[in-house]
Amino acid sequence: MNNVQKNLSLGSNKPITPAAYSFQKIELENHEGEVYEIQNIIAKFSITESIYSNTLMCKVNIKDTNNLIEDFPIIGQEKIRFGFFKPDVDGEKVKIILEFAVTEYPTYGKTTEKYIQAFTLNGISNHAYNSEFKKISRAVEGTTSEIIEEIMVGDLQEENFVVDSPSDARFQGILNYNTPLGCIEWLRKKSYDEKRSPFYFYQTLDGVIHLKSFSDISSENVHHEYYDTREFDYELHTEDDFNQ
């Protein structure tokens, strides 16, 4: 079964809309490090981001006729890796690679007549997965944003973390015995900026994890120039049409 990528012209593989994406790979890696390209057997998938979530979440529905679940095999500790291009607001292609650790196998079904089996894989980002296998408790001192950065970089060894807004809240004391993300959430609730705005700790689709205050989120310029396209006359689905 071929995975038809959305918003792309079937004839030219050109983007129909600026929101189009082009997937280069969707890989499944098992506990032995073996990698299998699963793009052509995926029936449906979703990647969810939320300002209220410290991790991206993926859900992949697979329709398999090659007995992948047994021959690969899938027994736990799998990774799902997405590699795709997506245009930014200026129309330039941006390459994004996301990796998820599989946490659940909520659905499985099999038919004997057509030798088809279907199953679902749910995954979360590596930093959220690794956090569950570690507990920390130690004395700390500094602003809450500084302590959160120490946990992300030192304990979770996460390179894609950015402090977008420095915190004005300070803490000196002992972090209770908890997971790294549990400690971060406790510190986040105590955080505020110079305008006394609360903080959000979330991951975006580019893989970057942000610590950002509500006031900075609200003050972002999310508007871009609009061009009246009624006079455009380039052929639909061409590169010139997309650039317009």
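Rounded to two decimals, the Cα radius of gyration of the range 143-219 over 2.2 N^0.38 Å is 1.04. Taking label points 7 Å from Cα along the Cα-to-Cβ direction, Y52 and N178 give a separation of 1.9 nm.
At a Förster radius of 41 Å, what calculated FRET efficiency corresponds to the Cβ-Cβ distance of Q24 and E132, to the nearest 0.05? List each step's numbers first, then the result.
Details: r = 30 Å, r/R0 = 0.73.
Efficiency, from the Cβ-Cβ distance: 0.85.
Can you tell me the length gained on complete extension of the stretch D240 to K110, counting 0.36 nm per residue apart and subtracting the Cα distance?
Numbers: separation 130, 0.36 × 130 = 46.80 nm, distance 4.70 nm.
Roughly 42.1 nm would be gained on extension.
What the phi angles of the range 123-134 give under the Karplus curve with 6.51, -1.76 and 1.60, with θ = phi - 60°, is a coupling list of x, 10, 5, 4, 5, 6, 5, 5, 4, 5, 9, 9 Hz, glycine and proline written as x. Toward the positive end of the charge dipole of the range 64-165, about the Cα centre and with charges on Cβ (Lys, Arg +1; Asp, Glu -1), which of S131, V102, G154 goes farthest? Result: V102, furthest along the dipole toward the positive end.
What pairs in K59/K93; K25/K86; K79/K135; K59/K79 have C-alpha atoms more than 19 Å from each other? All intermediate terms of the calculation are to be shown ahead of the outcome.
Working: K59/K93 25 Å; K25/K86 13 Å; K79/K135 23 Å; K59/K79 12 Å.
Over 19 Å apart, Cα to Cα: K59/K93; K79/K135.
Do any chymotrypsin sites (Phe, Trp or Tyr not before Pro) in the range 28-112 lie in a DSSP loop with no more than 12 other beta carbon atoms within 10 Å, and if so, which?
Values: sites: Y36, F45, Y52, F82, F84, F85, F100, Y108; in loops: Y52.
Loop-located and lightly packed - Y52.
Net charge dipole, the range 121-225: roughly 560 debye, given to the nearest 20, about the Cα centre with Cβ charges of +1 for Lys and Arg and -1 for Asp and Glu. Each residue of the range 187-197 is assigned a 3J(HN,Hα), and the resulting list reads 6, 4, 5, 8, 8, 7, 9, 5, 9, 6, 8 Hz, derived from the Karplus form 6.51 cos²θ - 1.76 cosθ + 1.60 (θ = phi - 60°), x at Gly and Pro.
Multiply the residue gap between A118 and K63 by 0.36 nm, knock off their C-alpha separation, and tell me the result in nm, one decimal place. Before the final figure, lay out each step's value.
Details: separation 55, 0.36 × 55 = 19.80 nm, distance 0.45 nm.
Between A118 and K63, full extension yields an extra 19.3 nm.
Sorted from longest to shortest, the spans of the Cα atoms of the range 62-192 along the three principal axes equal 65, 44, 20 Å. About its Cα centre, the dipole of the range 68-194 is roughly 440 debye, where the only charges are +1 on Lys and Arg Cβ and -1 on Asp and Glu Cβ. Shown is the FRET efficiency for E220 and I97, computed with R0 = 25 Å from the Cβ-Cβ distance and rounded to the nearest 0.05: 0.50. Amide H contacts under 5 Å for I116: T111, restricted to partners 5 or more places along the chain or on a different chain, H placed in the peptide plane at 1.01 Å from N. Taking GluC sites (Glu not before Pro) across the range 150-222, the ones in a DSSP loop with at most 16 further Cβ atoms lying within 10 angstrom of their Cβ are E159, E194, E220.
Coordinate-derived values only; no laboratory data. Quick caveat, the model's predicted, so the values are computed rather than measured. Positions of Cβ are backbone-derived with ideal geometry, glycine not excepted, and every protein chain shown enters the neighbour counts.
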